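Undergrad: My questions will all concern the structure given below.
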Amino acid sequence: MLKRFKLSRYVHCSRFLCQNPSYGFCSAGSKPSDSGTVVNSHESESETDWEGLLKPFDLEKLRKSLNWITPFQLRKLLELPLDVPTSMEIFQWAGKQKGYCHTFDVYYTLIDKLGAAAEFKVIDRLLLEMKEEGVVFKESLFMLIMKCYGRAGFPGQATRLLLDMRNVFSCEPTFKSYNVVLEVLVAGNCPQVAPNVFYEMFNKGISPTVYSFGVVMKALCLVNELDTACSLLRDMTKHGCVPTAVVYQTLIHALFKANRVNEASKLLEEMFLMGCTPDVETFNDVIIGLCKVDRIHEAAKLVDRMLVRGFTPNSVTYGVLMHGLCRTSRVDEAKVLLSKVPQPNIVLCNTLINGYVRNGRLDEAKDVLNESMLATGCRPDVYTYNILINGFCKKGLMVSALETVREMESKGCKPNVITYTILIDGFCKEGQLEEARYIVDEMSVRGFSLNTVGYNCIIRALCKDGDIHEALQIFSGMSSKGCKPDIFTYNSLIYGLCKVDQMEEALGMYRDMLLEGVIANTVTYNTLIRAFLGKGATEDALKLVNDMLFRGCPLDEITSNGIIKALCNDGAVDKALAFFEEMIRKGLNPHVISCNILINGFCRIGKVQNSLDFLRDMIHRGLTPDIVTYNSLINGLCKMGHIRDALNLFDKLQTEGISPDAITYNTLITSQCRERMLNDAYVLLSRGVANGFVPNDVTWYILVRNFVKEGNEDW
């Protein structure tokens, strides 16, 4: 038994009689199987009603008269809005009555109140007390506690209680308890545990319900076990459960998010066959999925089916379809679709205007703004104008962009920071820095300040123009204006410093960027590495490569090829090969260009056999040699005087379907002429011309010079 507390330690009932009544109570007929939660009511009651309700439970009178209190009266008293300590005191006081035993309903009501207050240790003690007192447990009590655990954020405790029901309290759980635990686990962000509970139902011989299937399928979808979830859909009928619309909608939404649009479409068809009615959001999931993979025609047909079946597409439906049409350059069809929308809005109109702008049809975009929008009753907003202004700026039509700004102002639509930033970017990209400064001044007059994007536009333009001094001045004033430099700011400045050969300052900017917490990206490293390679500072470039890889930034193909080429040019071909192998180990896919650089490097230092070995390794890796590969090898063999091997390789490349070019023929003809094999050179040229080769000026120069030289010697 729980330790019994003295009544004097807590608030006496006389306090309740003095309080202003402001609570409603459960009716006398309420059952413990209900939620048991006291419902607050703000409806005013007369003082007489309040006193009348409390009169049977006057604690002071009970104490003085020692009248008997029944379990029914105790339950009604516990349902009152008393705090937990007072409720516990009353509960234990009543239990002291001679011959009195608490009933299940009393325990249920008290545990309901304790659960709402998250007093789970007290609940555990009460459950053990019920067991000791021989109270017969009912499943509804455990379901109540499980739900309280869920609301308190303890889904694992709900699972523990499910096990204790049978093992500790000899109460057999039914599908109802399992359903509550499944729901608590999914709602409590523990979906990975839900399938274990679900399969436990099968092991105990408990048949799951449609709700059980629905919740566990949702859990499987949350942990990306879509195949298992779909297989459960097929198992439902084996257990006498018919899938509902909610089950199908859960699976379709998960398949859409996983880009498995074909399966989502098939499930939608199955919904119709099973007589389930999808909602508009389910249609939208499939339509969005189809549009993402450019299956616009199928998406449009699905919208037509919606209309035929009596569904009303919403703005999301039309917006997604219009966006898909515009993205695939079918803007005119999007315009026709907009004309069919019952209540077009500004977002749909902006989508159409953006479609015309992206496809370079600015005049038609302007027609939509000036004509179609007015016809549909939509008033252009600042975003509408910004789309059009951005289109003009990207085309370099800055005059038209400024005219659009004046037009929007004349119609009562004021430009915002984005408008001015678009103009600044447009002028900077056109190299019109003075006009960009004028826009900045106009912003200031109107109470706007440059944002980070605006600063980046100006700094990038100045660095591109070689005016790194002014760019650094603007950069130094950013922080005082409340703008934090980002990766684009630093990349522009590093590029500008490298361009004017201030490598130490560029490295200093790179270090400052890291100290400011800005993470360097591939552009940062590529800019610095290429600058060092351009100066012949290969070792410095390699240090940056190591730093780049250490910080988790992937090395791209262009930079790795630059390093390999620089090492080969320095004669360190073996080091270049080691670098190439290291990049492959780090996950960079080998490319034929990298292989060609290495083959050419080996040939240049006379290691033709190494280049041939590398060619075999290259083919083994799944790469296909191209004409550049063979030209490097042929040139290397010819330089070594192995003309016969070069000609064999020449024949091989043709059998592999590669057409020799002018470099191939000129290399072989030059070598043959050098070895006084003029007839062979002539035969080779004749064969080439017969196969479609057109000699260039270099070819004729080689032949004429050598034939003349041969004739002079014979003379």
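The values are calculated or read from the model by the stated rules, or taken from the named source; none is laboratory data. All values derive from a computational prediction rather than experimental measurement. Positions of Cβ are backbone-derived with ideal geometry, glycine not excepted, and every protein chain shown enters the neighbour counts. Heads up: the accessible areas ignore ligands, DNA and RNA and are worked out on the full protein's heavy atoms, side chains in. Shrake-Rupley method; radii C 1.70, N 1.55, O 1.52, S 1.80 Å.
Undergrad: Tell me, how many Å apart are the Cα centres for segment 155-230 and for segment 287-364?
TA: 42
Undergrad: Give the accessible area for ILE663 in Å² (nearest 10); use a 1.4 Å probe, count only protein heavy atoms, and leave out ligands, DNA and RNA.
TA: Per-residue accessible area (ILE663): approximately 100 Å².
Undergrad: Towards the positive end of the charge dipole of the chain, with charges on Cβ (+1 Lys, Arg; -1 Asp, Glu), say which of ASN456, TYR420, ASN203 has the farthest Cα.
TA: Toward the positive end, the furthest listed residue is ASN203.
Undergrad: Also, I was wondering about something else. I want to make sure I understand the PRE zone here: with the label point 7 angstrom from the Cα of PHE202 toward its beta carbon, which residues in segment 154-196 have backbone N atoms less than 15 Å away?
TA: Residues 194-196 fall inside that zone.
Undergrad: Determine the dipole magnitude for the chain: charges of +1 sit on the beta-carbon of Lys and Arg, -1 on that of Asp and Glu, nothing else is charged, the reference point is the Cα centre, and the result goes in debye to the nearest 20.
TA: Numbers: 78 positive and 82 negative charges, 414 e Å.
Around 2000 debye, computed over the chain.
Undergrad: How much mean residue ellipticity at 222 nm does the chain get from its helices, if each DSSP H run of length 4 or more adds -39500 (n - 2.57) and you divide by all residues, to the nearest 500 deg cm²/dmol? Don't skip to the answer; put the middle values down first.
TA: Values: 41 runs with 487 residues, N = 715.
Here the helix-only value at 222 nm equals -21000 deg cm²/dmol.
Undergrad: DSSP loop trypsin sites (Lys or Arg not before Pro) in segment 438-485 with at most 12 other Cβ atoms within 10 Å of their Cβ, which ones? Let's see the in-between values first.
TA: Working: sites: ARG446, ARG460, LYS464, LYS481; in loops: ARG446.
For trypsin sites (Lys or Arg not before Pro) across segment 438-485 that sit outside H, G, I, E and B with at most 12 neighbouring Cβ atoms in 10 Å, the list reads ARG446.
Undergrad: Can you list the HN-Hα couplings for segment 581-586, worked out from phi with the Karplus curve (6.51, -1.76, 1.60; θ = phi - 60°), rounded to whole Hz and with x for Gly and Pro?
TA: 3J(HN,Hα) across segment 581-586, in whole Hz: 5, 5, 5, 5, 5, 8.
Undergrad: Another question, then. Over the chain, average the accessible area per residue using a 1.4 Å probe and give it in Å², no decimals.
TA: Values: 36580 Å² over 715 residues.
Heavy-atom SASA per residue in the chain reads 51 Å².
Undergrad: Shifting gears a bit: Can you find, among THR624, VAL135, VAL186, the residue farthest towards the positive end of the dipole of the chain? Put +1 on the C-beta of Lys and Arg, -1 on that of Asp and Glu.
TA: Among THR624, VAL135, VAL186, the one farthest towards the positive end of the dipole of the chain is VAL135.
Undergrad: Protein chains only, probe 1.4 Å: how do THR489, THR70 rank by accessible area, largest first? Write down the numbers at each step before the final one.
TA: Details: THR489 0, THR70 50 Å².
Order by accessible area, largest first: THR70, THR489.
Undergrad: Taking the Cα centre of segment 626-714 as origin and charging only Cβ (+1 Lys, Arg; -1 Asp, Glu), how large is the dipole, in debye to the nearest 20?
TA: Values: 8 positive and 11 negative charges, 23 e Å.
Its charge dipole is roughly 120 debye.
Undergrad: Test of understanding: given the chain, find the longest segment containing no GluC sites (Glu not before Pro) that are in a DSSP loop and have at most 11 other Cβ atoms within 10 Å. Don't skip to the answer; put the middle values down first.
TA: Numbers: sites that count: GLU43, GLU656.
In the chain, the maximal stretch lacking such sites is 44-655.
Undergrad: Something else: Just how much of CYS101 is accessible, in Å², when a 1.4 Å probe is used and the result is rounded to the nearest 10?
TA: The accessible area comes out at roughly 90 Å².
Undergrad: Moving on. Do you know the Lys pair count in segment 387-499 for C-alpha distances under 23 Å, with sequence separation 8 or more or different chains?
TA: Within segment 387-499, the lysine pair count is 10.
Undergrad: With angles folded into 0 to 90 degrees, how steeply does helix 155-167 sit against the dominant principal axis of the chain? Use alpha carbons for both and round to 10.
TA: Helix 155-167 sits at roughly 50 degrees to that axis.
Undergrad: Just to check I understand the Karplus step: with θ = phi - 60° and J = 6.51 cos²θ - 1.76 cosθ + 1.60, what whole-Hz values come out for segment 591-600, glycine and proline as x?
TA: Per-residue couplings from phi come out as 10, 4, 5, 4, 5, 5, 5, 5, 4, 5 Hz.
Undergrad: Compute the long axis of helix 194-203 from its Cα atoms, compare it with the longest principal axis of the Cα atoms of the chain, and write down the angle in degrees, 0 to 90, nearest 10.
TA: Here the helix axis deviates by roughly 60 degrees.
Undergrad: What dipole magnitude, in Debye to the nearest 20, does segment 327-407 give about its Cα centre under +1 on Lys/Arg Cβ and -1 on Asp/Glu Cβ? Intermediate values should be presented prior to the final figure.
TA: Working: 11 positive and 9 negative charges, 56 e Å.
The calculated dipole for segment 327-407 is roughly 280 debye.
Undergrad: Something else now. Using a 1.4 Å probe and ignoring any ligands, DNA or RNA, find the accessible area of VAL242 and quote it in Å² to the nearest 10.
TA: VAL242 exposes around 90 Å² with every protein chain in place.
Undergrad: Could you give the angle, 0 to 90 degrees to the nearest 10, between helix 346-358's Cα long axis and the longest principal axis of the Cα atoms of the chain?
TA: Value to nearest ten degrees: 10.
Undergrad: Place a point 7 Å from Cα of ARG511 in the direction of its Cβ. Which residues in segment 523-558 have their backbone N less than 15 Å from it?
TA: Of the residues in segment 523-558, 544 have backbone N under 15 Å from the label point off ARG511.
Undergrad: Going Cα to Cα from LYS98, which lysines come in below 19 Å? Please leave out same-chain ones fewer than 8 positions away.
TA: LYS3, LYS6, LYS61, LYS64
Undergrad: Among VAL168, ALA375, VAL336, whose Cα sits farthest toward the positive end of the charge dipole of the chain (+1 at Cβ of Lys/Arg, -1 at Cβ of Asp/Glu, about the Cα centre)?
TA: Result: VAL168, furthest along the dipole toward the positive end.
Undergrad: If I compute solvent accessible area with a 1.4 Å probe over the protein chains, what percent of it on the chain is carbon and sulfur?
TA: Details: 19610 of 36580 Å².
The C+S portion of the solvent-accessible surface of the chain is 54 percent.
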